[in-house]
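Data block below; observations after.
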Amino acid sequence: MNEPARIWRYLGETRDGETVRGELAGRDEADALNQVRRLGVTPIDVSPARVSFAAFSGSRARLSPAEIEAFVRGLADLLQAGIGLAEAVNNLAQGEKRRVLRRFLERLSARIMAGESLTAALSSDPAQPPNLLIGLARAGEETGDLGAVLRRYADQIEAENEMRQTLIGQLVYPAALVGFIFVTLLFLAYIVLPQFETVFANANATPPPQTAFVFAAGSFLRDFGIWLPAAVIGLAIGVQMLARTYPDVLDRARLGLPVLGSLTRKGLAARYCGALGFLLASGAPMARAEAVARATLDSALARARLDDAASRLRAGTALSKALAGTYLFEAETLRLVALGEKSGELAAMLSRAAQLSQTAQERFAGRALNLIGPGLTALLGLAVGGVILSVMSGVLSLNEVVF
């Protein structure tokens, strides 16, 4: 894939004297000026887009999953209705209200009107669309059935987005429980425990060890509790930075842990097999389809193992045997791939293997999320009950000292 171009903003004048503004993706200022002129606009000013914090973090121009789905489905609908590619993209841009997606469509429209293919325009755009979308666009343009290819991909994206929203919805209850536990502990630390601390201080008595521990925990929450959310966020950011700095360590941990490793391998297998099967069914040759499917994975270690598998595949090894040496695919997946090679229905069997792996991953994640709620409820009960028992035992010991 080509390196993403920079975003340039332009101010120009049409032949009718109308002033227009917009943005496009170009390698340099000369490239941006040429694109503006090809749009039939006389450039007045062309300058790089300002760098913001979001741009520094790498997410400024990125499309969300919902925006990708809207773009793919909208383009597929217009293409299948018989509208040309350039006109279809331009119509989508004019009717789009979301800023990031609208600017992406405007840049895409400028490059297509300048004579580039959809594949080339997607490959060089700063939004960095999914590699699978770029591969499918190339396959659709080569077969002349771009609208149908994008339609099938839109259905797949919709199913993935629905699954993602379902999992996010299942996380709302555990997240609310975590917040309730935190608020409850703060209430005990700020309202309840200080009163009992005052009782022991007035009686000049030493609390039992368990009561002293609870008092110390309450004092810690009063002093530092307000900073705990910031500490959690900082820890998450630190882990993310370490993951970017040492990706191999994270990959080995993800793939090597007993439960998480199996879940991660199922996810990788589902994405790889699904992408490969989808590309083969769309008419892409094996060599190109395999390279695109490999690039869709977010694990550098998995991609490295699949690089070796691709080398064996080019040397004439069957796909099922080449994948067996990566230790990323379960026996059932490899069996389906071998069956597809033998029957000549490799694309269908790869899609079936991806579906089975994804279903197993979803079931595991669902069971895990279903257990989080009761577990957090039990944790809340233990925390509150432990505080009450510790304080009550301290009060009873205080009565023994007084009487």
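Nothing in this text is a laboratory measurement; each read-out follows from the coordinates by a stated rule. This structure is a prediction, so every number in the text was calculated from the model and none was measured. Ideal geometry is used to build each Cβ from the backbone, glycine not excepted, and the neighbour counts take in all protein chains shown.
Using the per-residue mean of other Cβ atoms lying within 10 Å as a proxy for protection, in what order, highest first, do the peptides 387-396, 72-81, 349-358 fall? List each step's numbers first, then the result.
On the way: 387-396: 16.8, 72-81: 19.1, 349-358: 21.8.
Per-residue Cβ counts within 10 Å, averaged per peptide and sorted highest first, yield 349-358, 72-81, 387-396.
Given contacts defined as C-alpha pairs under 8 Å and at least six residues apart, what's the relative contact order of the range 65-155, whole-number percent? Walk me through the numbers on the way to the answer.
Working: 84 pairs, mean separation 30.0, N = 91.
Worked out over the range 65-155, it gives 33 percent.
What does the net charge come to around residue 76 if you take all other residues with beta carbon closer than 14 Å to its beta carbon, with K and R at +1 and D and E at -1? Present the calculation step by step, with values, prior to reporting the outcome.
On the way: positive: 73, 151, 152; negative: 69, 77, 141, 145, 155, 158.
Net of charged neighbours comes to -3.
Once the Cα atoms of helix 247-256 and of the chain are each reduced to a long axis, what angle between those two axes, in degrees from 0 to 90 to the nearest 10, is obtained?
Tilt relative to the chain: about 70 degrees.
Rank the residues 233, 83, 44 as a footprinting-exposure proxy: fewest other Cβ atoms within 10 Å of their Cβ go first.
Values: 233 10, 83 16, 44 13.
Lowest to highest Cβ neighbour count: 233, 44, 83.
Applying a 10 Å radius around every beta-carbon, put 339-345, 269-275 in order of their mean neighbour count, most first. Kindly include the intermediate steps, with their values, before the conclusion.
Numbers: 339-345: 13.9, 269-275: 24.4.
Packing order, densest peptide first, comes out as 269-275, 339-345.
Could you tell me what a quarter of the Cα convex hull surface of the range 190-237 works out to, in nm² with one decimal place? Could you put the intermediate results ahead of the total?
Values: hull surface 15.6 nm².
Averaging across all directions leaves 3.9 nm² for the Cα convex hull.
Within a Cβ distance under 12 Å of residue 130, other residues only, what is the Lys/Arg minus Asp/Glu net charge? Walk me through the numbers before you get to the answer.
Values: positive: 62, 271; negative: 67, 69, 125, 160, 298.
Neighbour charge sum, excluding residue 130 itself: -3.
Using Cα atoms only, what is the angle between the long axis of helix 146-187 and the major principal axis of the chain, expressed in degrees (0 to 90) to the nearest 10?
The answer is roughly 10 degrees.
So who's got an amide H within less than 5 Å of the one on residue 22, skipping anything under 5 residues away but keeping other chains? H placed 1.01 Å off N, in plane.
Excluding prolines and chain starts, which carry no amide H, the hits are 10.
Is it possible to state the helix-based mean residue ellipticity at 222 nm for the chain, with each DSSP H run of 4+ residues giving -39500 (n - 2.57), the sum divided by total residues, to the nearest 500 deg cm²/dmol? What is it? Show your work: numbers first, answer last.
Values: 18 runs with 296 residues, N = 403.
After summing the helix terms and dividing by residue count, I get -24500 deg cm²/dmol.
Can you give the angle from 0 to 90° between the axis of helix 331-343 and the longest principal axis of the chain, with both taken from C-alpha atoms, to the nearest 10?
20 degrees
Based on the Kirkwood radius over alpha-carbon pairs, what is the Stokes-Einstein translational diffusion coefficient of the range 6-56 at 4 °C with 1.567 mPa s viscosity, in µm²/s? Don't skip to the end; give the middle numbers.
On the way: Rh = 11.2 Å.
Rounded, D is 116 µm²/s.
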